[in-house]
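The values are calculated or read from the model by the stated rules, or taken from the named source; none is laboratory data. Being a predicted model, the structure only gives us computed values, none of them experimental. Heads up, the Cβs are rebuilt from the backbone with ideal geometry, glycines too, and the neighbour counts pull from every protein chain shown. In case anyone asks, the SASA skips ligands and DNA or RNA and just uses the protein heavy atoms, side chains included. Shrake-Rupley method; radii C 1.70, N 1.55, O 1.52, S 1.80 Å.
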Amino acid sequence: MINEVPNTQKRIAITFDDGPNPIFTPKILDIFAKVEGKATFFMIGEQIDNYPDIAREVVRQGHEIGNHTYSHVNLTELSPLECLDELKRNENLIQKFTGTKPLVFRPPFLAYDEKTISMLRERSYQMIGALNTDALDWEQPGVDFILSKSRNHVKNGSILIFHDGYGNRSQTIEAVSVLVPELKSQGYELVTVSELLKAIE
């Protein structure tokens, strides 16, 4: 699992899980548009089915969509065939919206095993984690908590995780609305995960 891509350039990849969401995803798009930055959205297939127009808008604005399974299940509890079905159903959906197969994958709950690794390798996915999992934004621990924990992990090549789906994400939106312009003012370029990964090719 890749949590960072060390490199000499001031580049960071900010990611969002569990969308698209009709309330919170558009707010994130606005935040990134103001600084001309790009993000990666690890989307759930069920949510893409529910909000296809938002998925289209994410693509239209030049952001990346990563695979986060079709129904947000713990892959370690499924059979190999069930795992593959979760991956491929969402892959096909994303391909329909973007025209290309997604390149990056994040397992729900960051839970994976040898079966997951083998499946991803066969389908040429990079498995993506993040450095700031201690920010716990999915638990709504407070804006200041999310910010302080995330700032601790800011460096060249960091991958940061936040959530735009499943529940009230207003704390996340507020934290990101502070962090994104802050990073921009510090000279960081906000890029997609796939752009960041090019540093190790």
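Number of residues in segment 124-146 that are open to solvent by 60 Å² or more (accessible area, probe 1.4 Å) and either touching a residue at least 40 places away in the same chain (Cβ under 8 Å) or closer than 21 Å to ASN67 by Cβ (or both) equals 3. Checking each residue in segment 156-181 for being of a type outside the set (Gly, Ala, Ser), under 13 Å from ALA130 (Cβ atoms) and out of contact with any Phe, Trp or Tyr (no Cβ under 6 Å at 6 or more places or on another chain) picks out ILE159, LEU160, ILE161. Within segment 5-14, is even one residue outside any loop (DSSP other than H, G, I, E, B) and surrounded by fewer than 24 Cβ atoms within 10 Å (Cβ to Cβ)? Yes, that holds for at least one residue. Within segment 44-61, is even one residue within 23 Å of VAL178 (Cβ to Cβ) and not in a helix (DSSP H, G or I)? Yes, that holds for at least one residue. Within segment 89-113, the set of residues being open to solvent by 80 Å² or more (accessible area, probe 1.4 Å), over 22 Å from LEU131 (Cβ atoms) and either among the basic types (Lys, Arg) or touching a strand residue (DSSP E or B) at 6+ places or on another chain (Cβ under 7 Å) (or both) comprises ARG89, LYS96. For segment 156-173, the set of residues classified as out of contact with any strand residue (DSSP E or B) (no Cβ under 8 Å at 6 or more places or on another chain) and not in a helix (DSSP H, G or I) consists of TYR166, GLY167, ASN168, listed by residue number. For LYS27, indicate whether it is in contact (Cβ under 8 Å) with a residue 60 or more places away in the chain and open to solvent by 60 Å² or more (accessible area, probe 1.4 Å). The answer is yes for LYS27. Condition check for LEU87 on (1) over 17 Å from GLY66 (Cβ atoms); (2) among the hydrophobic types (A, V, I, L, M, F, W, C); (3) assigned to a helix (DSSP H, G or I); (4) within 17 Å of the chain's Cα centre (by Cα): one failure, at (1). Of the candidates LYS198, LYS184, LYS149, the single residue that is out of contact with any helix residue (DSSP H, G or I) (no Cβ under 7 Å at 6 or more places or on another chain) and either exposed (fewer than 15 other Cβ atoms within 10 Å of the Cβ) or at pLDDT 95 or above (or both) is LYS198.
Here TYR70 meets each of (1) aromatic (Phe, Trp, Tyr); (2) at pLDDT 95 or above; (3) within 30 Å of LYS184 (Cβ to Cβ); (4) open to solvent by 10 Å² or more (accessible area, probe 1.4 Å) with one exception, condition (3). For segment 53-67, filtered to residues that are in contact (Cβ under 8 Å) with a residue 60 or more places away in the chain and open to solvent by 10 Å² or more (accessible area, probe 1.4 Å), the residue that is farthest from the chain's Cα centre (by Cα) is HIS63.
What number of residues within segment 104-145 satisfy the criterion of being touching a Phe, Trp or Tyr at 6+ places or on another chain (Cβ under 8 Å) and either of a type outside the set (A, V, I, L, M) or part of a helix (DSSP H, G or I) (or both)? So the answer is 8.
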